[in-house]
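Participant: Quick one: structure below, then a few questions.
Coordinate-derived values only; no laboratory data. Being a predicted model, the structure only gives us computed values, none of them experimental. Ideal geometry is used to build each Cβ from the backbone, glycine not excepted, and the neighbour counts take in all protein chains shown.
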Amino acid sequence: MGVKRLVNADLSKGDKIQLISMTDPYKIPSGMMGIVTSVSEVQGSKIFGVKWETPDGKPVGSLSLIDDINPETGKRFDNWFKIVEEDDEEELSERYLTLTKGQILRESKKKFLKSF
């Protein structure tokens with residue numbers, strides 16, 4: 001049995017995640033692992049409280065993820081992988097797009113249309 005990484009999938013308390021990027025000035029480094037400790041909504045944005053640790057299990061601290069788009073930049077505030085067991089693959093494959101690291105990097109370099 002293996003794991004899948006779902007990009008910016010909806011999170012629930014207890015979910016395992018891996019950080020891709022964070023915009024907070026006191027941000028957690030990319031690649032850190034975490035456990036969702038709380039889910040709330042503030043002014044229409046979902047906020048996920050996360051307890052962070054290094055990949056080898058050393059505690060880093062707690063800092064929340066924001067599931068929303070920054071109106072100034074048009075980009076997401078924070079990005080993460082939700083870590084799921086492959087047993088859940090059938091149910092999840094119908095709801096989420098799974099990308100490899102290379103695919104994510106290629107997609108992030110593409111330019112979007114400036115006008116429609």
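Participant: Quick one: which residues, 5 or more positions from Val60 or on another chain, have an amide H under 5 Å from its amide H? H modelled 1.01 Å from N in the peptide plane, none for Pro or chain starts.
Facilitator: Distant-sequence amide H within range of Val60: Trp52, Glu53, Thr54.
Participant: Suppose each label sits 7 Å from its Cα in the direction of the beta carbon; what would the Glu72-Val60 distance come out to in nanometres?
Facilitator: 2.3 nm
Participant: While we're on this one: Could you list, bin by bin from short to long, the percent of Cα-Cα pairs of the stretch 3-107 in 10 Å steps?
Facilitator: 14, 47, 34, 4
Participant: By average Cβ neighbour count within 10 Å, what is the ranking of 39-46, 75-82 from highest down? Numbers along the way, then the final one.
Facilitator: Values: 39-46: 10.5, 75-82: 19.4.
Packing order, densest peptide first, comes out as 75-82, 39-46.
Participant: Right, next: Taking amide H positions as placed 1.01 Å from N in the peptide plane, with prolines and chain starts having none, which residues 5 or more places from Asp68, or on another chain, fall under 5 Å of its amide H?
Facilitator: Phe77, Asp78
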